[in-house]
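Written below as structure tokens is the structure these notes are about.
Quick note: the coordinates plus some simple rules give every number you see, no bench work behind them. Keep in mind the model is a prediction, meaning the values are calculated, not measured. Neighbour counts run over all protein chains shown; Cβ positions are idealised from the backbone, glycine included.
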There are 2 protein chains.
Amino acid sequence: MTPSSPGTLSRPASPDQLEQYLAHCKEICDGEIDRLYGSGRQGAGSLHELILDYPLRGGKALRPALSIAICLGLGGHLDAVLPTAATLELYHNAFLIHDDIEDESWWRRGKPTLHIDHGIPIAVNVGDAMLSLTLQPLLDNVERVGLGPALRILRAVAHMTRQTVDGQAIELEWVKSNAWQLDDADYLKMVELKTSWYSFITPLQAGALAAGADLSQLPPLEALGRHIGAAFQITDDLLNLRADPEDYGKEIGGDLWEGKRTLMLLHALRCATPEERDHAVEILGRRRPGADGELGLTDLLERLTARGDLSHSGRTEIVTFLAGQHHSESKKLDDIRWLFDLMQRMGSLNHARDLAARHAREAAAVLADLDWLPPSQHRDMLTGLVDYVHGRTR
Amino acid sequence: MTPSSPGTLSRPASPDQLEQYLAHCKEICDGEIDRLYGSGRQGAGSLHELILDYPLRGGKALRPALSIAICLGLGGHLDAVLPTAATLELYHNAFLIHDDIEDESWWRRGKPTLHIDHGIPIAVNVGDAMLSLTLQPLLDNVERVGLGPALRILRAVAHMTRQTVDGQAIELEWVKSNAWQLDDADYLKMVELKTSWYSFITPLQAGALAAGADLSQLPPLEALGRHIGAAFQITDDLLNLRADPEDYGKEIGGDLWEGKRTLMLLHALRCATPEERDHAVEILGRRRPGADGELGLTDLLERLTARGDLSHSGRTEIVTFLAGQHHSESKKLDDIRWLFDLMQRMGSLNHARDLAARHAREAAAVLADLDWLPPSQHRDMLTGLVDYVHGRTR
């Protein structure tokens, strides 16, 4: 992949071109992750397999693609950016592992989460291992891209990790203090810190720095990454709701089961009547059903009873046994449906779609203003990516 | 604290001098941790309080003292080493938080562990925050001690984190595969990786680098740190056993409750009869009593029944209820006593004391050979510290 001559492609890149570009970035990034963090490392025992677990489950490699596109678009070389791109992708996967523990998520990219598969101790350790191993490739940048760019990339990554941690802290603080009176600005600030820095701003900045960009070029990339990040996260939250409840059972609305503060949910709570708000907050305060399949069993019992395969007294006995295993009431499927219905009645989904579209437009405007990024397939890819990130809801 | 003129103190430093030196290092290190990671940071919400929680619970500040002593002993300045010393201490505390989650420990420095106090999600996040925040002060070393030493310290820290992670992985792998046929060399390798690098080797090396040491001075410091680390960890494991079972109840032998692979336990398993070994492994395979106070309640019930405050049928009812909360048998106090007795009968405690003493002697010999470290109170402190680390058992 080398910079093409300016203007050879229409812009933005078509969905097909974008898919191809992303797939190519994913392939070379996976190879680099394996080289830097995989089985080549000595003495790591079976740890390296667990490190590669999340990266090799798939995913779009959006972050490496951003680093690669901006670096090549600025005339830099793939070799200059690839280890940094792979390292940022590893950070992402380490955060995912620890987020999954913190959010008590069960499912990630079509498989059980790492802590469900291997237990919390192993999952904490694997995430720590990944975070710890990222320092060496970034230090090796000194030989690869020169001292100045290497130090600027290290400083960008140090800043990124602080922002991410602060964002995660805000969200955990909301959970701890049971805070629900939050507006769009609160949500967007949390998303910027928790998601946009490590997913968009730093990959763009690090890619530019690897191509020799100076510090004056970083602020517009921060603005670009912030707007893409907002459009991306709101869209992601909308997608989380979209699955048909009848088809997907507990998979639908994982965010609602978790009680995650999404733009839509916070909007619905602001617009609801005091009675509806109280009821919603009460539901959200209930714990999730246990990972031991409690919900699945409850569903099964409902169905068996409905079709006469289970007597009412038999069902009561089983439910009583289940209740003895837990100390408080859990969320039920009907609760989740009620919350979803509330968001629809309050127009919260449309509100979210509007806001995502606004941020996608802002991102496109910032990108269009980058007069130091010459026309190329890489620039077209970035333009197409803004559409892609936002267009997933349409 | 400045380097005193050579030879003004007898060596090794007396216990009182050592205590004073450690206390002074602790005080200035706490101040530096607060400056770098504490309430001065903006936007961190209540996160900074949790970051300071473990460091401010006390502890000896052994690691910062090692960095400070070697740096000052080589003629370096306190300002040159203090941020690095504080950062290594923060790493240590971050590892403690995540170790406590991984080992399911309940108690740390006289208080409940962070995840018991605040839940696993917060504790994972706080440890990540601490690990993430360490990069910035190490990058700021460029301005403080110059580019060469700063990069050498960063590389030493990168190496340290990899070693620590590999050591932790070995231990978790033993747990996962239920491995118990392990010899002294297996144990010592794990301790070197998991403990000695971040606790002794890297603090010594980073302190020397901050004083301008070159790479040729690092190998003897690695040997010194490895031997101190072995003496320290074996002694620590022995101390964990020493509390009187009658006095301390479940506090005694926390390592035995956890099923931690200690030198003594592995030695006892190697020396025991096949029947004893099978019984020991069976006990070790049982889960710990729950953090919900299961063990404390069992003890209370025993005492109430013994003094006639609880009928036998009442007790049975309560025990039956407790059993319904858990799916498998847990370790009992009698199990722990049996394991302790096995180790005594096999001479495992003496074996451990001998090995700790051997490593302390090796450490003293390496230190005595360091002809590039001139006589000073700082060198005397290091000599005294070897005795101190090992002498805690006597």
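Stretch A:E282-A:R358 to full length: gain in nm at 0.36 nm per residue minus the Cα-Cα span?
Length gained between A:E282 and A:R358: 24.1 nm.
Suppose you put the label 7 Å out from Cα in the Cβ direction; list, shortest first and in nm with one decimal, how far B:S46 is from each other copy's label.
Reported distances to equivalent positions: 3.9 nm.
Taking 7 Å along the Cα-to-C-beta vector as the label spot, tell me the A:D341-B:Q181 distance in nanometres, rounded to one decimal.
6.3 nm
Can you tell me how the stretch B:15-218 classifies by the Cα gyration tensor, rounded, prolate or oblate, using a/c under 1.5 as the rounded cut?
Note, shape of the stretch B:15-218 comes out oblate.
Taking R0 as 25 Å, what FRET efficiency do you get between B:K60 and B:D117 from their Cβ-Cβ distance, rounded to the nearest 0.05?
My answer for the efficiency is 0.65.
Given points 7 Å out from each Cα along the Cα-Cβ axis, report the B:S14 to B:A365 separation in nanometres with one decimal.
It works out to 3.0 nm between the two label points.
For the stretch B:15-218, what is the charge dipole size about the Cα centre, in debye to the nearest 20, if Lys and Arg each add +1 at the Cβ and Asp and Glu each add -1 at the Cβ?
Dipole magnitude for the stretch B:15-218 comes out near 380 debye.
How many partner chain Cβ atoms sit within 10 Å of a residue's Cβ in peptide B:150-157, on average, as a whole number?
Across B:150-157, the average partner-chain Cβ count within 10 Å equals 3.
Using a label point 7 Å beyond Cα on the Cα-Cβ vector, give me the inter-copy distances for B:A185 in nanometres, one decimal, shortest first.
6.6
Considering every residue in A:98-106, what mean count of other chain Cβ atoms within 10 Å of its Cβ is obtained?
Partner Cβ neighbours, averaged per residue: 3.
Counting Lys +1, Arg +1, Asp -1, Glu -1, what net charge surrounds B:P55 among other residues with beta carbon under 9 Å of its beta carbon?
That sum, taken over residues with Cβ under 9 Å, equals -3.
Any lysines with Cα under 23 Å of the B:K189 Cα? List them, leaving off those in the same chain fewer than 8 positions away.
B:K176, B:K260
What FRET efficiency would be calculated for the residue pair A:D79, B:E173, taking the C-beta separation as r and a Förster radius of 35 Å, to the nearest 0.05?
0.50
What lysines sit close enough to A:K26 to cross-link, taking a C-alpha to C-alpha distance under 21 Å and skipping anything fewer than 8 places away on the same chain?
Within the straight-line cut-off, A:K26 pairs with A:K60, A:K111.
Quick check: net charge around A:H351, other residues with Cβ under 14 Å of its Cβ, Lys/Arg +1 and Asp/Glu -1?
Net of charged neighbours comes to 0.
Using a 7 Å offset from Cα along the direction of the beta-carbon, what are the separations from B:R337 to the same position in each other copy, nm, ascending?
Label-point distances to the other copies, shortest first: 5.8 nm.
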